[in-house]
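Accompanying notes for the structure given below.
The values are calculated or read from the model by the stated rules, or taken from the named source; none is laboratory data. In this text the structure is predicted, and so the values were computed from the model without any measurement. Here Cβ is always computed from backbone atoms with ideal geometry, including for glycine, and neighbour counts include all displayed protein chains.
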Ligand SMILES: NC(=O)c1ccc[n+]([C@@H]2O[C@H](COP(=O)([O-])OP(=O)(O)OC[C@H]3O[C@@H](n4cnc5c(N)ncnc54)[C@H](O)[C@@H]3O)[C@@H](O)[C@H]2O)c1
């Protein structure tokens, strides 16, 4: 089978570079082009020494000259809608990892994917362990009435609480069909974190951390902790590769990796 032709949007960023290294190791994929607003050269040397691929700040140029089947995006939320409009117009599938996309934009992306018959996967978290942690938390939340989330990230992370913590809390409450029980005392104290659906979310920001989350659930005489830790950006790569393989077979928007992993919504 021919390898899937992939271009990377946001190629000079931290995730873009990790992705290009991973694509070079993947026999089923071929990196054919790269785009980044910061690009100053017209070719990007591949990290495995196998050659170069065209690089440009202009996505349109890369789509025309490199003919990718899939563009993978790790850039900024502002860049996503122009990318989606252009790629869907050109018949190119998309895998989007950029976080912070507004709900209205996600609806618009869904509409464009359907209208143009293209496959788009948006996954705010490609780490398979994190997807499983959220899945298990949704199940556990049906049986234990109290829950708190501690999320820990590097000190450069801009948002707090993290998108993953907010989605975990909302998904847990949705699966259970009602908010979690809130302790009678301390709910209004500054020290109790952000309140979402009866769950307190605590955010830690420290150098030395990458991305970590612990969901703690409590019942009379017992607690249950579900914890996920990342120690390197390569943790995201198996999820991205899965999304690339699947997006070429699907039409419309797939949000999150759950359905690609065969995880039933808890
Ligand atoms: N989904 C996931 O699992 C996951 C994991 C890690 C990071 N992220 C997200 O991925 C995004 C990138 O993260 P990062 O750590 O690589 O950031 P980064 O700042 O290192 O890289 C972003 C790159 O995008 C480029 N860029 C910005 N605007 C652009 C545009 N209009 N067109 C083309 N390129 C543009 C920048 O020049 C930069 O090189 C963030 O939104 C981050 O939250 C998602």
* Structure fact -> Checked the stretch 136-151 for anything closer than 28 Å to residue 14 by Cβ and crowded, with 21+ Cβ neighbours inside 10 Å; matches are 137, 149, 151
* Structure fact -> Sole miss for residue 6 among (1) away from the ligand (no atom under 14 Å from the Cβ); (2) more than 20 Å from the chain's Cα centre (by Cα); (3) crowded, with 24+ Cβ neighbours inside 10 Å is condition (2)
* Asked: If residue 159 satisfies every condition in (1) buried (at least 17 other Cβ atoms within 10 Å of the Cβ); (2) within 15 Å of the chain's Cα centre (by Cα) but one, which is the exception?
  -> (1)
* To do: Report whether or not residue 82 is over 13 Å from residue 8 (Cα atoms), in a helix (DSSP H, G or I) and near the ligand (Cβ under 9 Å from one of its atoms).
  => yes
* Of all residues in the stretch 135-167, which are assigned to a loop (DSSP other than H, G, I, E, B), in contact (Cβ under 8 Å) with a residue 24 or more places away in the chain and over 17 Å from residue 216 (Cβ atoms)? -> 154, 155, 157, 159, 160
* Asked: Can you tell me how many residues in the stretch 26-53 are surrounded by 12 or more Cβ atoms within 10 Å (Cβ to Cβ) and within 14 Å of the ligand (Cβ to nearest atom)?
  -> 7
* Search the stretch 61-74 for residues being assigned to a helix (DSSP H, G or I) and surrounded by 14 or more Cβ atoms within 10 Å (Cβ to Cβ), and hand back the single one that is farthest from the ligand (Cβ to nearest atom). => 66
* To do: Go through the stretch 4-20 and give me each residue that's under 19 Å from residue 57 (Cβ atoms) and either in contact with a helix residue (DSSP H, G or I) (Cβ under 9 Å, 6 or more places away or on another chain) or not in a loop (DSSP other than H, G, I, E, B) (or both).
  => 6, 7, 8, 9, 10, 11, 14, 15, 16, 17, 19, 20
* **Residue satisfying all of: in the stretch 75-91; in contact with a helix residue (DSSP H, G or I) (Cβ under 6 Å, 6 or more places away or on another chain) and crowded, with 18+ Cβ neighbours inside 10 Å; farthest from residue 58 (Cα to Cα) among these** => 88
* In this structure, does residue 95 turn out to be in contact (Cβ under 8 Å) with a residue 60 or more places away in the chain, within 15 Å of the chain's Cα centre (by Cα) and surrounded by 12 or more Cβ atoms within 10 Å (Cβ to Cβ)? -> yes
* Can residue 23 be described as at pLDDT 95 or above, in a helix (DSSP H, G or I), more than 8 Å from the ligand (Cβ to nearest atom) and in contact with a helix residue (DSSP H, G or I) (Cβ under 7 Å, 6 or more places away or on another chain)? -> no
* Structure fact -> Only one of (1) within 18 Å of residue 247 (Cα to Cα); (2) in contact with a strand residue (DSSP E or B) (Cβ under 6 Å, 6 or more places away or on another chain) does not apply to residue 91, and that is (2)
